[in-house]
Amino acid sequence: MDLTIEGRRLSQADGSCGVSLWKDGARWTCHAVSIDKIVATAGQMLQAPVVDRTGLNGSYDVNVRYIPDDRKADPNAPFGPTFEQVLLEELGLRLEKGKGKIEVLVIDHMEEPSEN
């Protein structure tokens, strides 16, 4: 599948997501992905665990623009929605804080490897 963003052609395979940075903000695009992939990518972008409770099936395309948090402090940054606003306003996905179980790896001791 070929996508055109601001006059540039981008090739994106089915089942993939990507983020690109532009003068007017960031673009998050996904093609033919499951809600699991959308949720996993959103979790990576938010740097927080995100759990799917939508019950949605099928495959989806995403093409949204947002202003990354690190650009909000820049007085020359363009006006636009945050990533969280895009999730709600354009994709209809609401984030709710909650408590739940997550997997954690704890390393309680480390040693230098032996020479043998």
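Each reported figure results from applying straightforward, stated rules to the coordinates on display, with no laboratory input. It should be emphasised that the depicted structure is a prediction, and the values quoted were computed from it without experimental measurement. Glycine also receives a Cβ, built like all others from the backbone with ideal geometry; neighbour counts cover every protein chain displayed.
In order along segment 93-101, phi translates into HN-Hα couplings of 9, 9, 8, 10, 6, x, 10, x, 7 Hz, rounded to whole numbers, per the Karplus curve 6.51 cos²θ - 1.76 cosθ + 1.60 with θ = phi - 60° and x for Gly and Pro.
A simple spin-label model places the labels of Lys23 and Leu46 3.2 nm from each other, with each point 7 Å out along Cα-to-Cβ. The orientation-averaged projection of the convex hull spanning the C-alpha atoms of segment 56-114 amounts to 9.5 square nanometres. Taken over the chain, lysine pairs spaced eight or more positions apart, or on distinct chains, with alpha carbons under 24 Å apart number 5. Helical content of the chain, expressed as a calculated mean residue ellipticity at 222 nm, amounts to -5000 deg cm²/dmol (DSSP H runs of 4 or more residues, -39,500 (n - 2.57) each, divided by residue number, nearest 500). Among Ser16, Ser114, sorting on how many other beta-carbon atoms sit within 10 Å of each Cβ, with the fewest leading, yields Ser114, Ser16. Pairs of Cα atoms nearer than 8 Å and 6+ residues apart set the relative contact order; for segment 10-105 it is 24 percent. With everything on Cα atoms, drop me the angle between helix 35-46 and the longest principal axis of the chain, reported from 0 to 90° to the nearest 10. Tilt relative to the chain: about 80 degrees.
Its Cα gyration tensor gives the chain an equivalent ellipsoid, and the semi-axes of that ellipsoid, as √(5λ) in whole Å with the largest first, are 30, 20, 19.
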